[in-house]
1. Applying the selection to region 39-68, what residues are farther than 25 Å from residue 161 by Cα and among the charged types (D, E, K, R)?
2. Select, from 329, 305, 339, 282, the only residue that is in a helix (DSSP H, G or I), at pLDDT 85 or above, over 30 Å from residue 46 (Cβ atoms) and of a type in the set (Asp, Glu).
3. Name the residue, out of 68, 72, 45, 104, that is at negative phi and free of Cβ contacts under 8 Å to residues at least 40 places away in the same chain.
4. Helices (runs of 4 or more DSSP H) wholly in region 1-113 with at least 1 residues that are surrounded by 10 or more Cβ atoms within 10 Å (Cβ to Cβ), of a type in the set (Lys, Arg) and touching a helix residue (DSSP H, G or I) at 6+ places or on another chain (Cβ under 8 Å) - which ones?
5. Name the residue, out of 174, 128, that is more than 30 Å from residue 193 (Cα to Cα) and β-branched (Val, Ile, Thr).
Amino acid sequence: MLSFVRRHRRHLAAVGVAAGALALSVKVMEVSLCRWRERHHHRALERTKKCHHFESTESTAMATLRSLFPALSHQVDDYFDTQGLVRSLQSCSGQQKVQMFRHLVTQSVGACATYVYTGVVLALLIKTQMSVLGGRLYRETVDFALAGGGSCRSALSQPVQEAFLSLAQKFISTGVREIALAVHRVVKESDFEKMSLKTKVSVLDICRVLRTTLLSTSCGLLKDPSKSLTQLCGELDLKDLTTYKERLCLEYLVDAASDILEQRDTITVAQSLCLSGISNVEEELAKAMGDVPTIPLAKVPPVLEQVFVGKPTEEETNGFFRMVLSSRELRQFSANVYEAFASDACAGEETWMLTSGEDKTEDFSAQKLVNGFLGRFC
């Protein structure tokens, strides 16, 4: 046996080295496979958590839309006041009644166009707000867990979230009237303003005026820098924000939402939703008119009233409301915004929102400093 080992010692050494290398390779592969499985499991778990959090965010956004659509409709009705004009017609006669009827036609068309336009803007605003806030909260939760907890706390406090989400309410109370005023100016220059009340119009004629009105209004608002999100929503409410970091955080959220809403892709989604809204109005008008192909211009207001007035809270009967809530484009838009703010790419941007110890309470009037600080995140 010893002689055999002596004669073949080199071969045996080579076999031993090969066997050891093979065993080591198998061990390394096992460790690598185990680590890959752990990473895969971690990513799958994170995707599941993110998906569930997004679905929860979407559910909250839908509930918010359902609760705010009635207020939006009431604001539009209060501005155009078609019901008040109908009551005033009962006490008018002669040429005054003709002028009042003509005014009722333009007000009814303006109310319909404003309801579609502001409904789309409100839906995009709420979806943007909830997606930005939801994505940041998710990313913050992940970063907080990776940091090991400790004494860190977030600048996304409850007052900051409430102040940010209050922009939708401010838009309804302030921005809707601005948009209604712009729509009213466009409708006053439409074909309906020059037509006789006895002129026969079809569903296509009504929808053509609505499309023209929405397009002209949208172009006019986009060209006017004073009609930005912050202008349409009024002044920010900072009274409940006691620290400099909370105020800076709110400014960052508003600035991020404004940037998203001013992007070309967002405007494309808004235009698509407006066109879908007009198509829905066309279907509702066709149902209301039945087999009658055309109606006198004087009968347009009651038909439009049958389509919109009194239905803002009835999801089953309001086709436009149902269309906005079930829009795949709007859901995809929300998913894209949420993913952008919840992804790892935003991790470096979000670390400033985690603080330890006491916050600084500096003067917030230094607008130049604020703009310079926010510029890193835009």
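1. Hits for region 39-68 are 39, 43.
2. Numbers: 329 fails: over 30 Å from residue 46 (Cβ atoms); 305 fails: at pLDDT 85 or above; 339 fails: over 30 Å from residue 46 (Cβ atoms).
Result: 282 is the single residue among 329, 305, 339, 282 that is in a helix (DSSP H, G or I), at pLDDT 85 or above, over 30 Å from residue 46 (Cβ atoms) and of a type in the set (Asp, Glu).
3. Values: 68 fails: free of Cβ contacts under 8 Å to residues at least 40 places away in the same chain; 72 fails: free of Cβ contacts under 8 Å to residues at least 40 places away in the same chain; 104 fails: free of Cβ contacts under 8 Å to residues at least 40 places away in the same chain.
Sole residue among the options that is at negative phi and free of Cβ contacts under 8 Å to residues at least 40 places away in the same chain: 45.
4. So the answer is 9-80.
5. Numbers: 174 fails: more than 30 Å from residue 193 (Cα to Cα).
Only one candidate passes the filter, namely 128.
Yes/no matrix, rows are residues, columns are (1) at pLDDT 75 or above; (2) not in a loop (DSSP other than H, G, I, E, B):
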site	(1), (2)
230	no, yes
237	no, no
240	no, no
258	yes, yes
265	yes, yes
272	yes, yes
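The values are calculated or read from the model by the stated rules, or taken from the named source; none is laboratory data. Just so it is clear, the structure is predicted and the values come from calculations on it, not from any experiment. Glycine gets a Cβ as well: all are built from the backbone with ideal geometry, and neighbour counts include every protein chain shown.
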